[in-house]
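Taking it in order: structure first as structure tokens, then the write-up.
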């Protein structure tokens, strides 16, 4: 069992170990869609037909719904909120795996990447995982999501709809229905936008917490099949450390201005 954790400038535990991401890897196509919509390259209202090849079991709602045409925004919101595997596949097909890889590289990802579409089950002849990556790269990405750029605000809005608050958010007093990024620090409470990943032997959580300061975090737990409950407990334990950081105001920089991200880190990933 290994638990990798990163909060840029504050915590680095096994943060350079490449691990399976399960559905936290869906952040890469979500970020790609947000960037393409914000740039005007994609129309958020454009309709996408869900094809037979997109249909996938596991998490989600689309396989139980009658509709087969959904807007790009619908697919992104379903992917972010209920981790819908079918919506993810339709979104990936629309964007293209190559474009997702290109945008990931522009965002500074090197070892964090989507390898394949979602498959249930995943066969020995398939790529070994949907996505793999490191806590360091994912936490730096999360720390960069400050709402200043239109695509980051769009992505945070989708992430704030996430219905799985069972890991890091479980130890943070917050309103799970609050979807608006706070304009000021929160004292005595938190705002959370996150994306979790659940698979056999995997529990993961990547997100943004706003308390007395804004924290970008990533916690990736991997172990043998059957250890999922223990893995989830380890992720929640990591959440206690994240909570301790988020309740502490950001340190002042040399010019007297408080940093918005963890530890005053200026090492946010650069966009192309």
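The values are calculated or read from the model by the stated rules, or taken from the named source; none is laboratory data. On a predicted model such as this, the values are computed, not experimentally measured, just so you know. Neighbour counts are summed over all protein chains in view; Cβ atoms, including those assigned to glycine, are modelled from backbone coordinates with ideal geometry.
Data overview
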{"quantity": "In segment 48-78, the residues that are in a helix (DSSP H, G or I) and either under 15 Å from residue 118 (Cβ atoms) or in contact with a helix residue (DSSP H, G or I) (Cβ under 9 Å, 6 or more places away or on another chain) (or both)", "calculated": "52, 53, 54, 62, 63, 72, 73, 74, 75, 76, 77, 78"}
{"quantity": "Segment 1-24, residues that are touching a helix residue (DSSP H, G or I) at 6+ places or on another chain (Cβ under 9 Å) and farther than 29 Å from residue 251 by Cβ", "calculated": "1, 19, 21, 23"}
{"quantity": "Residues being surrounded by fewer than 24 Cβ atoms within 10 Å (Cβ to Cβ) and more than 13 Å from residue 214 (Cβ to Cβ) - total across segment 145-156", "calculated": "5"}
{"quantity": "Among (1) touching a helix residue (DSSP H, G or I) at 6+ places or on another chain (Cβ under 6 Å); (2) more than 27 Å from residue 214 (Cβ to Cβ); (3) part of a loop (DSSP other than H, G, I, E, B), the one test that residue 45 misses", "calculated": "(1)"}
{"quantity": "Qualifying position, being at pLDDT 95 or above and surrounded by fewer than 24 Cβ atoms within 10 Å (Cβ to Cβ), among 186, 237", "calculated": "237"}
{"quantity": "Any hit, segment 28-50, residues being over 16 Å from the mean Cα position of the chain (by Cα), without any contact (Cβ under 8 Å) to a residue 40 or more places away in the chain and under 29 Å from residue 233 (Cα atoms)", "calculated": "no"}
{"quantity": "Selection from segment 92-144 of residues that are closer than 20 Å to residue 59 by Cβ, free of Cβ contacts under 8 Å to residues at least 12 places away in the same chain and loosely packed, with under 15 Cβ neighbours inside 10 Å", "calculated": "121, 123, 126"}
{"quantity": "Odd one out for residue 81 among (1) in contact with a helix residue (DSSP H, G or I) (Cβ under 6 Å, 6 or more places away or on another chain); (2) assigned to a helix (DSSP H, G or I)", "calculated": "(1)"}
{"quantity": "Breaking point among (1) under 21 Å from residue 82 (Cβ atoms); (2) under 16 Å from the mean Cα position of the chain (by Cα), for residue 214", "calculated": "(1)"}
